[in-house]
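Chemist: This is the structure, below, for whatever I ask next.
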């Protein structure tokens, strides 16, 4: 089988950050890398789950709600995929920065956390999500469109 594009990135040299993973027509997949793969410990499931709920809720309630396709965790637990459509890259960066800041400061009920709304509603950590997001606020502080290119 043909190797998929994301497997061609040298994960031994991949730093934390936000990268354009692929472009499929009008849909852009961003790799929001919260950990250095195979170097740093992976994220905890409960924190990942809460970041997912808060990030998705934030961006789907933003002025760019109609441009959001998907936000979700990577199976390796070292980051997230953020898919947008017809959203300029500079706007995607700012939206990601805003979402991470929102999560890092969030105090309240986690959206979508009930048995009826979530497939694993008991597995959440607001404190873990806030910590993950706070780290990414620092990483993405001066992120630019030029930095969206994988460095390896």
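The values are calculated or read from the model by the stated rules, or taken from the named source; none is laboratory data. Given the structure is predicted, the values throughout are model-derived calculations rather than measurements. So basically every Cβ, Gly included, is an ideal-geometry build from the backbone, and we count neighbours across all protein chains shown.
Chemist: Are there strands (runs of 3 or more DSSP E) fully within segment 8-79 with at least 2 residues that are in contact with a helix residue (DSSP H, G or I) (Cβ under 7 Å, 6 or more places away or on another chain), on the phi < 0 side of the Ramachandran plot and surrounded by fewer than 18 Cβ atoms within 10 Å (Cβ to Cβ)? List them. It would help to see each step written out before you state the result.
Modeler: Values: elements: 17-24, 27-33, 68-73.
Once the strands (runs of 3 or more DSSP E) in segment 8-79 are filtered for at least 2 residues that are in contact with a helix residue (DSSP H, G or I) (Cβ under 7 Å, 6 or more places away or on another chain), on the phi < 0 side of the Ramachandran plot and surrounded by fewer than 18 Cβ atoms within 10 Å (Cβ to Cβ), what remains is 17-24.
Chemist: Restricting segment 80-93 to residues that are more than 20 Å from residue 132 (Cβ to Cβ) and out of contact with any strand residue (DSSP E or B) (no Cβ under 6 Å at 6 or more places or on another chain), which is surrounded by the most Cβ atoms within 10 Å (Cβ to Cβ)?
Modeler: That would be 87.
Chemist: Still on this structure, please answer the following. Taking only segment 80-106 into account, find how many residues are touching a residue at least 12 places away in the same chain (Cβ under 8 Å) and not in a helix (DSSP H, G or I). Explain how you work it out, then say what you get.
Modeler: Initial filter on segment 80-106 (touching a residue at least 12 places away in the same chain (Cβ under 8 Å)): 80-87, 89-93, 95-106.
Cutting the leftovers down to not in a helix (DSSP H, G or I) gives us 80-87, 106.
Here the count works out to 9.
Chemist: Now for a separate question. Is it the case that residue 123 is loosely packed, with under 13 Cβ neighbours inside 10 Å and at pLDDT 95 or above? Don't jump to the end; show me each part of the working.
Modeler: Details: loosely packed, with under 13 Cβ neighbours inside 10 Å: no; at pLDDT 95 or above: yes.
Taking the combined requirement at face value, the residue does not satisfy it.
Chemist: Identify all residues within segment 126-152 that are outside any helix (DSSP H, G or I), modelled with pLDDT of 95 or more and exposed (fewer than 15 other Cβ atoms within 10 Å of the Cβ); write none if there are none.
Modeler: Going residue by residue through segment 126-152, those that are outside any helix (DSSP H, G or I) are 140-144, 149-152.
Filter once more, keeping what is modelled with pLDDT of 95 or more: 140-144, 149-150.
Within segment 126-152, 141, 142, 144, 149 qualify.
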